[in-house]
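For reference, the structure is listed below as structure tokens.
The values are calculated or read from the model by the stated rules, or taken from the named source; none is laboratory data. Computed from a prediction, not measured in an experiment: that's the story for all the values here. Cβ placement follows ideal geometry from the backbone for every residue including glycine, while neighbour counts extend to all protein chains displayed. With ligands, DNA and RNA removed, areas are computed over all heavy atoms of the protein, side chains included. Shrake-Rupley method; radii C 1.70, N 1.55, O 1.52, S 1.80 Å.
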Amino acid sequence: MRLSRTACIGQALSFLLLLVILAVAAPRTAAADEASDDPWPDLQTAIFADRQIADGSSFMHLEAPARAADAAVVPLEIKFDPAQMPGLTVKTITLVIDKNPAPVAAVFHLAAVMPDPSIGTRIRVNEYTNIHAVAEMTDGKLYMAKVFVKAAGGCSAPAVKTPAEAVAHLGEMKLKLPPDATAGQARRAQLMIRHPNFSGMQMDQVTRYYIPAKFIEAIDITYDGKPLMSVEGNISLSENPFIEFSLKPDQAGEMSVTARDSDGAVFKKAWPVPASS
Amino acid sequence: MILLAGIWLGATAAAADDSALTVTEIAPGIFVHQGVHAEATPENLGGIANIGFIIGDDSIAVIDTGGSLREGKALLAAIRQISPLPVRYVINTHFHPDHIFGNGAFAASHPEVIAHANLPRSLAARAGDYLASARSAMGQSFLGTEIPNPKRLVGKTDDIDLGHRRLHLTAFPPAHTDADLTVYDEKTGTIFAGDLLFMERIPSIDGSVLGWLKAIDKLRRVKAQRVVPGHGPVSAPWPAALDDEERYLFVIATETRKALANGESLRQATATVGQSERPNWQLFDAYNERNVTAAYTELEWEE
Ligand SMILES: [Zn+2]
């Protein structure tokens with residue numbers, strides 16, 4: 001695994017700094033070895049500094065298959081139960097895959113108009129790991145939930161089964177809305193973006209092939225020009241990034257998405273959203 | 001010190017293991033070794049795929065070399081018990097480790113190493129993972145294995161001549177993988193399908209489920225007498241041998257489309273799609289959900 005981890009780390013430039021911080025913090029005594037296998041304490045400090053994080057398990061939880069069939073495409077849902085969190089409104093959700101080379105897989109910034117903060121996505125999982133979701137509320141408090149996933153090899157797994165297709169369709173987007181939404185009800189929207197989300201790889205000594213990292217790093221979603229959600233992503237999101245979120249349009253309007261990748265390429269698309277019937 | 005000991009042990013083990021693979025002559029001059037239906041282990045040397053060779057009047061072509069340098073060497077030993085002719089060609093039917101990791105055993109005779117034009121790039125993207133997981137699965141048995149470096153690349157078709165014996169090579173668009181290559185022996189009407197054909201062992205989709213179904217349509221038009229599947233018996237009747245695999249892939253594609261139309265999530269689909277096929281395949285539980293994931297993420301882009 002070391003070789004592939006190194007390949008990923010080498011390319012995950014935006015997280016290099018974080019890893020350096022962790023590496024510096026690494027020296028430990030033999031007695032602490034067992035506990036030191038858990039990267040979370042160091043990650044928490046690196047990402048959230050000394051802020052308190054409360055247990056959010058009474059109103060938030062993570063759903064993922066206990067054993068993933070394909071480590072490169074692990075479906076994950078961050079679910080909230082609004083009935084159990086009166087007075088709390090989610091502002092951002094930070095998704096951390098503890099043992100991935102780029103542990104912070106995504107940060108979701110939610111607008112207040114979002115009716116339900118539950119988010120679905122697909123991630124790469126490099127080895128057996130805990131996954132943490134940390135929700136920051138509008139009052140500044142942090143809450144977290146976690147899940148353990150058995151999967152291995154997703155980060156360094158080849159990003160694409162059919163590279164020629166991926167290039168031909170780069171940046172295409174698709175929005176799925178359930179057709180049977182009733183008026184006034186929140187609807188679950190699925191956004192899909194065609195992008196290899198290459199994790200990058202080292203120069204291969206034999207074949208001389210080199211694929212630089214190239215991934216979606218920002219997604220902005222608006223409804224009738226008003227922000228709905230923005231997402232910071234990286235190579236820990238699967239090929240063809242997938243985001244499921246909720247929407248409660250008062251009236252017919254236009255959903256608009258702008259995505260930017262690490263090469264600076266920008267992809268835009270808009271869809272008319274009919275009023276709920 | 002530890003490193004040195006490791007190398008020394010490996011050399012000893014390799015030297016002690018020059019026993020020849022068991023091969024069957026399935027048609028005049030065509031020999032195949034049958035892989036076992038299991039994952040790679042130190043005992044099976046990664047020998048889980050069917051591999052073989054064809055002997056012409058002047059030279060020999062090896063078609064897939066096995067899952068480790070040691071399996072490749074055992075294949076070479078089997079060849080040497082049968083013929084002294086030079087191995088002039090090593091043909092890789094695709095980039096999966098169980099088919100290519102024996103290439104190094106044939107380096108001494110400087111064969112032309114042949115593969116689909118997409119193979120170098122796709123293998124480069126996967127090589128690090130393949131080496132790491134094969135090492136952890138096979139340990140000492142895997143020592144000395146290297147990534148092959150094919151120089152003769154096939155974009156569409158190619159022919160090679162072994163001396164009064166012409167082999168016709170065909171490169172396919174993405175199907176089992178994006179680098180599938182078949183070998184057809186004109187003399188006996190035998191087709192080496194590589195992993196475009198799985199029998200008994202569940203197919204694994206690492207390319208495109210729709211592309212694979214199209215590849216099967218195309219394969220059916222080949223006038224052959226028999227086929228050597230990538231996994232399964234050493235030889236099977238043509239084209240009936242394709243039936244089970246085609247049915248499985250059709251079920252996966254059809255049920256996945258139905259799940260998508262019903263708004264089922266990826267997680268829901270992996271739990272239900274293809275379950276009727278469970279009794280028909282070995283290693284079903286190890287690969288079916290993964291196949292459904294591949295089909296779902298391909299078909300969700302259909303209009
Ligand atoms: Zn294969």
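Values as computed for the structure displayed
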item	result
Matching residues in region A:248-268 - criterion: being crowded, with 16+ Cβ neighbours inside 10 Å, part of a loop (DSSP other than H, G, I, E, B) and either under 18 Å from the mean Cα position of the chain (by Cα) or of a type in the set (A, V, I, L, M) (or both)	A:262
Strands (runs of 3 or more DSSP E) wholly inside region B:169-246 that include at least 1 residues being away from the ligand (no atom under 15 Å from the Cβ), charged (D, E, K, R) and touching a residue at least 60 places away in the same chain (Cβ under 8 Å)	B:181-185, B:226-231
Filter result for the condition that a residue is touching a residue at least 60 places away in the same chain (Cβ under 8 Å) and surrounded by 24 or more Cβ atoms within 10 Å (Cβ to Cβ), over B:59, B:68	B:68
Test: residue in region B:254-268 that is within 20 Å of the chain's Cα centre (by Cα) and open to solvent by 50 Å² or more (accessible area, probe 1.4 Å)	no
Criterion violated by residue B:144 - all others in (1) closer than 29 Å to residue B:59 by Cα; (2) at pLDDT below 90; (3) within 7 Å of chain A (Cβ to nearest Cβ) satisfied	(3)
Residue match in region B:66-88 (condition: within 18 Å of residue B:180 (Cβ to Cβ), within 16 Å of the ligand (Cβ to nearest atom) and among the polar types (S, T, N, Q))	no
Residues of region A:59-76 classified as of a type outside the set (A, V, I, L, M), in contact with a helix residue (DSSP H, G or I) (Cβ under 9 Å, 6 or more places away or on another chain) and modelled with pLDDT of 95 or more, total	3
Breaking point among (1) within 11 Å of chain A (Cβ to nearest Cβ); (2) open to solvent by less than 10 Å² (accessible area, probe 1.4 Å); (3) over 26 Å from residue B:79 (Cβ atoms), for residue B:119	(3)
Failed item, numbered, when residue A:54 is tested on (1) surrounded by 14 or more Cβ atoms within 10 Å (Cβ to Cβ); (2) part of a strand (DSSP E or B)	(1)
Filtered residues of region B:247-303 (kept if hydroxyl-bearing (Ser, Thr, Tyr) and either touching a Cys at 6+ places or on another chain (Cβ under 6 Å) or part of a helix (DSSP H, G or I) (or both))	B:248, B:254, B:256, B:270, B:272, B:276, B:287, B:293, B:296, B:297
Boolean, residue A:96 is aliphatic (A, V, I, L, M), assigned to a strand (DSSP E or B) and within 14 Å of another protein chain (Cβ to nearest Cβ)	no
Tally, over region B:124-159, of residues that are assigned to a loop (DSSP other than H, G, I, E, B), within 25 Å of residue A:152 (Cβ to Cβ) and open to solvent by less than 20 Å² (accessible area, probe 1.4 Å)	2
